[in-house]
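This report refers to the structure that appears directly beneath it.
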Amino acid sequence: MISMSFPLFHFLTLLGLVDALVKHGHLRRNMAPPTRIGLAGLAVMGQNLALNIAEKGFPISVYNRTTSKVDETVERAKKEGDLPVYGFHDPESFVQSIQKPRVVIMLVKAGAPVDQTIKTLSAYLEKGDCIIDGGNEWYENTERRQKEMLALGLLYLGMGVSGGEEGARNGPSLMPGGSFEAYKYIEDILLKVAAQVPDSGPCVTYIGKGGSGNFVKMVHNGIEYGDMQLIAEAYDVLKSVGKLSNEELHSVFSEWNKGELLSFLIEITADIFGIKDDKADGYLVDKVLDKTGMKGTGKWTVQQAADLSVAAPTIAASLDSRFLSGLKEERVEAAKVFKSGGFGDVLTDQVVDKAKLIDDVRQALYASKICSYAQGMNLIRAKSIEKGWDLKLGELARIWKGGCIIRAIFLDRIKKAYDRNSDLANLLVDPEFAKEIIDRQSAWRRVVCLAINSGISTPGMSASLAYFDTYRRERVPANLVQAQRDYFGAHTYERVDMDGSFHTEWFKIAKKLKD
């Protein structure tokens, strides 16, 4: 490889020869020494994570198929403190610029683009090198790729990255799963790049084997769906029934963020209510179309819950709510139909004590959150058992305490619950959480009843309450459902008073009784 002084380097740049020399592996762009790590895919998340890594003192090579993104990232690195970020316009020189064993993080769109990026990079990687997928990938795709990479002598990690643009730049929650050997390659980087929580440590841990990192991130996102829906319902009840203004909502959520509900989502919700519209009068939140988008991880979570026979009604309700929000045109027409029948958007004959309502909604939101997180943790545990991942639920709660979208003071209580009992069947029966739900259930029921009587849908809170009410009952009406199944399909049933499987010819007995 050619070594030269910087004056000569710039002279050759003027002649347009540098790209040619780099392309053929004779020269390393920016005259960088071998970098510690590489990152391919420089959209918002990739660019910010690269700058984060560089800022923590790790020289990083960056590559993107659209070369303008490479130049943009390098320019940002200069502006943000002359960070050691080195850009490459072709995959070969990019890979060769990284010290061995090479580690490359990909942050590209899930699915086919990941496979294409792997194909491009692996052509230049050598045995012992490692690829890390930092996107929201389906965990089975990650496990397939691990096997394919292993056959090539390459290591592979699927790493959930949570925290959005701000988290990627300043400290995300990281969920790496797959090759433990690969994790050890970059543990020193991840420990510094991840969000740092006092008394808790970096928000990263080795999750487990296979696609566990992607699976845990998927369920994290499902919990996030539930959290956002519950907050939206709290807003709806306070605004539609309590008639709170945006100024009052800003004040209420700001106050809530000082107590048990302290969290990133409550914080940003308070911020949203305080932001005026820059294009017209009023507040911006009132001008936002009531139609929620999604990228699929919430749907995957609900599908996995069904596959594993794990009840996740709060998360499912949040997904259904997004589906229904998408029917904007249909809802507009339905509103006309029912308004002409004398039914408005909200029944306005409810007289409420505003201060009491605010306190009740706070308690209902907290109790509902417990149920939502319980469902997510149960889903992770069920998958861990099925796959033999041996996931540590308390440790997951710990790494979610900072950096990620669902970061909240509440997670410290979850970690402590699993520290007390790692085999805890459900968060609801942890002594502390059980007491908190008991203390809040009256307020919870008042809010749900008030919403129903006011014509306000609270599917998340209602589903959480139904989940709690079903889980806490020693006997539920499933005996009748099982009798029905045996009646029409001879599916048999068990009895409460003796062992064995039984079938009754219900039809014949019923026919005789009717004769």
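The values are calculated or read from the model by the stated rules, or taken from the named source; none is laboratory data. Remember, it's a predicted structure, so these values are computed and weren't measured experimentally. Because the Cβ atoms are built from the backbone with ideal geometry, glycine has one as well, and the counts that use them run over all protein chains shown. SASA here: full protein model, heavy atoms, side chains in, ligands and nucleic acids out. Shrake-Rupley method; radii C 1.70, N 1.55, O 1.52, S 1.80 Å.
Summary of values
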{"read-out": "LYS435 within 22 Å of PRO176 (Cα to Cα) and open to solvent by 10 Å² or more (accessible area, probe 1.4 Å)", "value": "no"}
{"read-out": "Qualifying positions in segment 116-150 - of a type in the set (D, E, K, R) and either closer than 21 Å to LEU49 by Cβ or in a strand (DSSP E or B) (or both)", "value": "ASP129, ASP133, GLU137, ARG145"}
{"read-out": "Selection count, segment 385-408, where residues are part of a helix (DSSP H, G or I), open to solvent by 10 Å² or more (accessible area, probe 1.4 Å), touching a residue at least 60 places away in the same chain (Cβ under 8 Å) and in contact with a helix residue (DSSP H, G or I) (Cβ under 9 Å, 6 or more places away or on another chain)", "value": "3"}
{"read-out": "Residue within segment 273-282 that is open to solvent by 80 Å² or more (accessible area, probe 1.4 Å) and in a helix (DSSP H, G or I) present", "value": "no"}
{"read-out": "Test: residue in segment 162-175 that is closer than 30 Å to PRO459 by Cβ and of a type in the set (A, V, I, L, M)", "value": "yes"}
{"read-out": "Count - residues of segment 168-190 that are touching a helix residue (DSSP H, G or I) at 6+ places or on another chain (Cβ under 7 Å) and among the aromatic types (Phe, Trp, Tyr)", "value": "0"}
{"read-out": "When residues of segment 440-475 are limited to those that are of a type outside the set (Asp, Glu) and not in a helix (DSSP H, G or I), the one farthest from the chain's Cα centre (by Cα)", "value": "ARG475"}
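Residue-wise test of (1) at pLDDT 95 or above; (2) surrounded by fewer than 19 Cβ atoms within 10 Å (Cβ to Cβ).
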position: ARG29; (1), (2): no, no
position: LEU51; (1), (2): yes, no
position: ILE105; (1), (2): yes, no
position: LYS109; (1), (2): no, yes
position: GLY135; (1), (2): no, no
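To keep it simple, each residue is scored yes or no on (1) without any contact (Cβ under 8 Å) to a residue 40 or more places away in the chain; (2) surrounded by fewer than 22 Cβ atoms within 10 Å (Cβ to Cβ).
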site	(1), (2)
ALA364	no, no
TYR373	no, no
LEU411	yes, no
ASP419	yes, yes
ASN426	no, yes
ALA443	no, yes
ILE456	no, yes
SER462	no, yes
PRO477	yes, yes
